[in-house]
């Protein structure tokens, strides 16, 4: 290949390389209840293999064996404060590697909300648990000084990422060029909560952006809100999309 053509190809690869923040409630082999965990493991690996700058964010569940994987806390991501309505908590991010790769996976550790003996619960604060995870992605990026071009959310648990980017974090130029992708793995689970949780979620001042039929029914659906505000919505297959 002529040198000029080689240079152009090199430049094309550099332009195509994306910064992707991938967030999911479960990531195999660390945590898994079904297909979401598998996809959240395989897709970031493949994107990373193709040269993209991918960083995965997921909860440090109580089911994860810390000693087995050797995660280490990130010095500048310790005791990061988050306010959720009247609740103020802190999280610390631990980093590990997807087995057999050099792909960084960041585990959000918040004993009050995330470190429980099951990935999903029927607890009254379930909405806060995953709102915290979603906030943590933005807060980690801020402290990293890393501007993701894509935030890739998955299922209802992280479906508030698109509206958070447009509201709570809209002031930060770090996310000015960030676009959001929401992948639906299981549409049967919508993440439905009472509308009184809007204050906890930081959305009380943004009710005009929420589905009116939901508010009229006294509820908020995480997934419906994500579908409404994501730049791109995808599913795990063409059949499922139909």
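Per-structure values
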{"quantity": "Close pairs (9 angstrom Cβ cut-off, 6 or more residues apart or separate chains): in contact (Cβ under 8 Å) with a residue 24 or more places away in the chain and on the phi > 0 side of the Ramachandran plot in segment 180-199, surrounded by 15 or more Cβ atoms within 10 Å (Cβ to Cβ) and in a strand (DSSP E or B) anywhere", "calculated": "191/220; 191/221"}
{"quantity": "Test: residue in segment 191-202 that is in contact with a helix residue (DSSP H, G or I) (Cβ under 6 Å, 6 or more places away or on another chain), assigned to a helix (DSSP H, G or I) and under 14 Å from residue 137 (Cα atoms)", "calculated": "no"}
{"quantity": "Scope segment 12-52; condition within 23 Å of residue 141 (Cα to Cα) and modelled with pLDDT under 95; matching residues", "calculated": "14, 15, 16, 17"}
{"quantity": "Search result, residues across segment 33-70 that are part of a loop (DSSP other than H, G, I, E, B), touching a residue at least 24 places away in the same chain (Cβ under 8 Å) and either out of contact with any strand residue (DSSP E or B) (no Cβ under 8 Å at 6 or more places or on another chain) or over 20 Å from residue 150 (Cβ atoms) (or both)", "calculated": "33, 34, 51, 60, 61, 62, 63, 64, 70"}
{"quantity": "Close pairs from segment 126-152: first assigned to a loop (DSSP other than H, G, I, E, B), partner surrounded by 23 or more Cβ atoms within 10 Å (Cβ to Cβ), Cβ under 6 Å, at least 6 apart", "calculated": "148/21"}
{"quantity": "Qualifying residue in segment 48-56 (condition: under 23 Å from residue 129 (Cα atoms) and surrounded by 13 or more Cβ atoms within 10 Å (Cβ to Cβ))", "calculated": "yes"}
{"quantity": "Residue match in segment 86-102 (condition: assigned to a loop (DSSP other than H, G, I, E, B) and closer than 18 Å to residue 153 by Cβ)", "calculated": "no"}
{"quantity": "Pick from segment 209-229, criterion exposed (fewer than 12 other Cβ atoms within 10 Å of the Cβ) and at pLDDT below 95, ranking: farthest from the chain's Cα centre (by Cα)", "calculated": "216"}
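The values are calculated or read from the model by the stated rules, or taken from the named source; none is laboratory data. Note that the coordinates shown come from a computational prediction; the quantities given were computed from them, not determined experimentally. Because the Cβ atoms are built from the backbone with ideal geometry, glycine has one as well, and the counts that use them run over all protein chains shown.
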